[in-house]
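A.B. asks: I am attaching a structure below and will ask some questions about it afterwards.
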Amino acid sequence: GIGYLAIRRFQEATGADAADALRGLIAAHAGEVILLDLRTDSGGLIDQAMAVADEFLDDGLIVTIRGRTAAVEVHKAHRGGLAVGAKVIALVNAETASAAEILAGALQDHRRATVLGMKTYGKGVIQTYFDLDDGSGLKLTTHRYLTPAGNEVEGRGITPDIEVPEFEAETVVGGADPGDDEADPAVQPPGNRAILEARLADDYQLRIAYQTAQRWLGSK
């Protein structure tokens with residue numbers, strides 16, 4: 001019942017690729033809870049982030065682009081998204097920025113996702129470049145992105161609902177227990193399950209997200 005979808009950069013085909021991935025998860029009966037991994041996603045094309053948001057939202061605002069005095073663009077979700085019935089956990093960290101923050105903020109404001117991880121980078125402006133006659137240039141911030149609740153992304157970022165550090169705290173004890181031999185890789189289960197278990201062992205934030213999803217499914 002748990003699916004995993006990671007987006008590292010919003011490029012021209014990201015919306016279509018994400019839709020294909022969601023169809024695959026649904027076909028594999030892994031669409032009840034979606035773990036949407038936006039960690040280290042530095043952003044990219046805003047329209048592709050909105051296309052992904054559209055798959056999770058059935059209506060309402062996705063993002064408002066505001067100029068100096070008023071909103072100049074308002075983008076809304078359309079009905080019929082592939083994952084509007086799924087529960088969502090969005091994983092974020094300090095390297096989640098720009099378009100990825102717009103996606104996380106939209107899902108959070110509409111209560112469509114529980115955002116888990118660390119506070120995001122805080123990049124939410126459109127900057128316009130002007131070439132000057134002397135060969136120099138001028139860069140002006142002309143617009144700002146606002147989440148559906150009217151929160152600015154720039155300089156503030158997205159605060160997670162569940163704060164989870166990147167690494168699990170551990171106690172280091174001198175010496176070794178001779179009974180703690182590493183498991184023989186030859187007897188590990190093959191296939192996707194083994195890959196998942198290895199990733200969960202190494203990725204503390206993903207492990208917490210997965211355990212949260214398991215609790216959600218267990219409470220049905």
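The values are calculated or read from the model by the stated rules, or taken from the named source; none is laboratory data. The model shown is predicted, which means the values in this text are computed figures rather than measured ones. Please note: Cβ atoms are built from the backbone with ideal geometry, for glycine as well, and neighbour counts cover all protein chains shown. The area values use the complete protein model at the heavy-atom level, side chains included, leaving out ligands, DNA and RNA. Shrake-Rupley method; radii C 1.70, N 1.55, O 1.52, S 1.80 Å.
A.B. asks: Any residue in region 129-142 that's more than 20 Å from G155 (Cα to Cα): show its pairings with residues that are aliphatic (A, V, I, L, M) and in a loop (DSSP other than H, G, I, E, B) at Cβ separation under 7 Å, as long as the two are six or more apart or on different chains.
C.D. replies: Taking only residues 6 or more apart or on different chains, the pairs are L138/L132.
A.B. asks: As an exercise: evaluate E168 against (1) open to solvent by less than 60 Å² (accessible area, probe 1.4 Å); (2) closer than 23 Å to L38 by Cα and give the number of the one condition it does not meet.
C.D. replies: (1)
A.B. asks: Could you list all residues from region 138-163 that are of a type outside the set (A, V, I, L, M, F, W, C) and in a strand (DSSP E or B)?
C.D. replies: K139, T141, T142, H143, R144, Y145, E152, E163
A.B. asks: Also, quick follow-up: Can you tell me which residue in region 52-70 is most open to solvent (accessible area, probe 1.4 Å), limited to those that are outside any loop (DSSP other than H, G, I, E, B) and farther than 12 Å from A106 by Cβ?
C.D. replies: R66
Residue-wise test of (1) open to solvent by less than 60 Å² (accessible area, probe 1.4 Å); (2) at pLDDT 95 or above.
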| site | (1), (2) |
| --- | --- |
| V92 | yes, yes |
| A97 | yes, yes |
| A100 | yes, yes |
| Q108 | yes, yes |
| V115 | yes, yes |
| K119 | no, yes |
| Q127 | no, no |
| S136 | yes, yes |
| T142 | yes, no |
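A.B. asks: Right, next: If you scan region 1-51, which residues turn out to be open to solvent by less than 30 Å² (accessible area, probe 1.4 Å), of a type in the set (D, E) and without any contact (Cβ under 8 Å) to a residue 60 or more places away in the chain?
C.D. replies: Hit for region 1-51 is D41, nothing else.
A.B. asks: Checking L35 against (1) at pLDDT below 95; (2) farther than 30 Å from T128 by Cβ, only one condition comes out false. Which one?
C.D. replies: (1) is the only condition that L35 fails.
A.B. asks: Answer with yes or no whether L35 is part of a strand (DSSP E or B) and under 17 Å from the mean Cα position of the chain (by Cα).
C.D. replies: yes
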